[in-house]
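The values are calculated or read from the model by the stated rules, or taken from the named source; none is laboratory data. Keep in mind that this is a model prediction, so the values were computed, not measured. Cβ: placed from backbone, ideal geometry, glycine included. Neighbour counts: every protein chain shown.
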Amino acid sequence: MLTPGEAIVRTRCLGMWAVVVGLAWAHTCWAQLDLGARHGDVVPRDVRELYDRGLQYLISTQSEDGDWKDGQSGPGVTGMALMCMLASGEDPNYGVYHQPVMKALRSMIRAQDANTGFMGGSMYDHGCAMLALAEAYGAVDERQLAAEGSGDKLRPIGAALELAVRCAMTSQKKNSTGAWRYSPDSNDADTSVSGAVLVGLLAARNAGIEVPDASIDRAIDYYKSMTSDSGQVGYSGGFGGFDESIARISIGTLVYALARRYDLPQYKSTLGYLQQRIETEGSSGHGGAEYAHYYQAQALFQGDVESWERWNKLLVRRLKATQQSNGSFQSSYGGSVGTSLSMLALALNYRFLPIYER
């Protein structure tokens, strides 16, 4: 029989052993579930330095209202900067970016039309904001978000996201092409705006918001009609108008992949086009290389990780050469947009955003 002292020592030893075994079991299970697709590798130092400097720029230029005003502004711009903070891996509820995250979310939700759900000045703005809400939904503590407000009654993130989804689907039903353009009442479409809205809808569906399959199918049919056999993707109008727009080809690849349409010949042709042009410096024609990088990173990562790894090394070199001393990446749309787009292209190295999972 053990003395009381011996019993305590034995209990402590058994307790420590249980913790060790439990941690080992958890680590094994996580490794089996993860398969290297999420948080698998240590983020390279030069990527972390680029990213951290970019975050400091965004935080230093955020307004008291929670948005950004250097160039383009609105809920979509705010949403992109918000995703940069969420993608860093810091806890949005208690981490170093907690206050900027909460300010950005409050700014976006307050800007939403309570009746229509429309966010921003265009459906492109709306799509980017919807994507950001979907990425924040479930990660941000709704109670903290409401409690830290200025006393006004704030719509929960989930309710704001549902409203945004309803707006996008109402707009789609009005549109004869089954897609979107800048106005929610437009009857024509383009692949740039439609990509922003469709990615937002797919992210919302992944977050648990109801998005009918018919809505996704109709939008994918529009992209199929805009994709050539070569893999080039047109901008607007009917079938045609194809050129080497890495941005649009990347958008097409991405929406096919996120919608899980891997069997489509259009997906195979767009992905193949990108794989053959890893070293091509893409420009969208309206937003520059940063815009192309944002979509190219996601398209290659979703389609072929080995191709993305090769391209990502080139991206890091390009961004190291273009990052300003204040941490920003300038673009024709201003520092906050250029910085956010560049950082979100880098964020595939972190893989914390749900939309960046494979």
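Side notes on the structure shown:
- Pairs, first farther than 15 Å from Ala81 by Cα in the stretch 113-134, second in a loop (DSSP other than H, G, I, E, B) and hydrophobic (A, V, I, L, M, F, W, C), C-beta under 8 Å, six or more apart: Met123/Trp180
- Any chance Ser307 is hydroxyl-bearing (Ser, Thr, Tyr), at pLDDT below 95 and over 17 Å from Val47 (Cβ atoms): no
- Considered as a group, the residues in the stretch 270-297 that are among the aliphatic types (A, V, I, L, M) and assigned to a helix (DSSP H, G or I) include one that is modelled with the lowest pLDDT, and that residue is Ala289.
- Residue match in the stretch 111-120 (condition: modelled with pLDDT under 95 and either touching a strand residue (DSSP E or B) at 6+ places or on another chain (Cβ under 7 Å) or surrounded by 21 or more Cβ atoms within 10 Å (Cβ to Cβ) (or both)): yes
- Residues that are aliphatic (A, V, I, L, M) and free of Cβ contacts under 8 Å to residues at least 40 places away in the same chain were ranked within the stretch 301-358; the one that is farthest from Val199 (Cα to Cα) is Ala321.
- Out of Gly158, Gly127, sole residue that is modelled with pLDDT of 95 or more, small (Gly, Ala, Ser), crowded, with 19+ Cβ neighbours inside 10 Å and within 30 Å of Glu64 (Cβ to Cβ): Gly127
- Residue in the stretch 125-151 that is nearest to Thr78 (Cα to Cα), counting only those that are touching a helix residue (DSSP H, G or I) at 6+ places or on another chain (Cβ under 8 Å) and of a type in the set (D, E, K, R): Asp125
Condition check ((1) over 18 Å from Ala111 (Cβ atoms); (2) under 23 Å from the mean Cα position of the chain (by Cα); (3) crowded, with 21+ Cβ neighbours inside 10 Å; (4) acidic (Asp, Glu)) across all residues:
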{"position": "Tyr137", "(1), (2), (3), (4)": "no, yes, yes, no"}
{"position": "Leu154", "(1), (2), (3), (4)": "no, no, no, no"}
{"position": "Ser176", "(1), (2), (3), (4)": "yes, no, no, no"}
{"position": "Tyr182", "(1), (2), (3), (4)": "no, yes, no, no"}
{"position": "Asp188", "(1), (2), (3), (4)": "yes, no, no, yes"}
{"position": "Val199", "(1), (2), (3), (4)": "yes, yes, yes, no"}
{"position": "Ala203", "(1), (2), (3), (4)": "yes, yes, yes, no"}
{"position": "Glu210", "(1), (2), (3), (4)": "yes, yes, no, yes"}
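- The helices (runs of 4 or more DSSP H) found entirely in the stretch 78-197 that carry 1 or more residues being under 20 Å from Ile209 (Cβ atoms) and among the acidic types (Asp, Glu) are 123-136, 142-147, 157-174.
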